[in-house]
Amino acid sequence: MTAITQSVPVGTVPAPRGGKPGRSRWRALLEARWRDRLVELTELSVAFHDAAAPAAGTEARESQRVLFRQAVVARYALAETDKALHRLTTGEFGRCEDCAGDIPQARLLAEPEARFCERCA
């Protein structure tokens with residue numbers, strides 16, 4: 001299981017190169033991140049339900065709370081990746097939602113789900 005605070009590795013798919021990377025490369029990158037995040041969410045959900053098994057002590061409840069919080073964060077990350085895939089489909093990927101300017105490629109490579117340029121973030 002990957003840590004929630006770490007981003008999904010960009011190295012899963014070769015990063016788009018050159019001036020304007022093709023949509024298919026960004027799609028492959030985002031789909032790989034989506035799959036990784038879905039696996040993480042599934043693992044957290046299974047662990048949550050395992051922790052809810054017959055043990056009813058304080059330690060079991062605290063473990064459930066932690067797993068629940070991690071699952072919420074993982075679900076949010078999955079939703080953000082899903083939204084980035086939607087923006088890619090609609091042609092809005094790489095455009096700032098606030099000023100409509102281009103989001104620099106370096107920022108997108110670091111965080112493909114970015115919705116805002118550095119100025120507006």
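The values are calculated or read from the model by the stated rules, or taken from the named source; none is laboratory data. As the structure is a prediction and not an experimental result, all values here were calculated from the model. For neighbour counting, all protein chains shown are included, and Cβ atoms are generated from backbone atoms with ideal geometry for every residue, glycine included.
Tell me which residues, restricted to the range 56-74, are touching a Ser or Thr at 6+ places or on another chain (Cβ under 9 Å) and surrounded by fewer than 18 Cβ atoms within 10 Å (Cβ to Cβ). Matches in the range 56-74: 73 only. Screening the candidates 78, 109 for the property of being modelled with pLDDT of 95 or more and either of a type in the set (S, T, N, Q) or closer than 29 Å to residue 24 by Cβ (or both) yields one hit, 78.
Here residue 64 fits the description: more than 18 Å from the chain's Cα centre (by Cα), polar (S, T, N, Q) and over 30 Å from residue 25 (Cβ atoms).
I need the full set of residues from the range 77-121 which are among the β-branched types (Val, Ile, Thr), surrounded by 18 or more Cβ atoms within 10 Å (Cβ to Cβ) and either in contact (Cβ under 8 Å) with a residue 60 or more places away in the chain or not in a loop (DSSP other than H, G, I, E, B) (or both), in order please.
Within the range 77-121, the subset among the β-branched types (Val, Ile, Thr) is 81, 89-90, 103.
Right, trim to surrounded by 18 or more Cβ atoms within 10 Å (Cβ to Cβ) and you get 81, 103.
The one that is among the β-branched types (Val, Ile, Thr), surrounded by 18 or more Cβ atoms within 10 Å (Cβ to Cβ) and either in contact (Cβ under 8 Å) with a residue 60 or more places away in the chain or not in a loop (DSSP other than H, G, I, E, B) (or both): 81.
A Cβ distance below 7 Å, combined with a sequence gap of six or more or placement on separate chains, defines the contacts here; from the range 62-76, residues that are under 9 Å from residue 48 (Cα atoms) reach residues that are of a type in the set (Ser, Thr, Tyr) in the pairs 71/45. Scanning the range 95-121 for residues that are touching an Asp or Glu at 6+ places or on another chain (Cβ under 6 Å) and not basic (Lys, Arg) yields 113, 116, 120. Considering only the range 43-63, I want to know if a residue exists there that is touching a helix residue (DSSP H, G or I) at 6+ places or on another chain (Cβ under 7 Å), part of a loop (DSSP other than H, G, I, E, B) and at pLDDT below 90. So far as the range 43-63 goes, yes, one or more of its residues are touching a helix residue (DSSP H, G or I) at 6+ places or on another chain (Cβ under 7 Å), part of a loop (DSSP other than H, G, I, E, B) and at pLDDT below 90.
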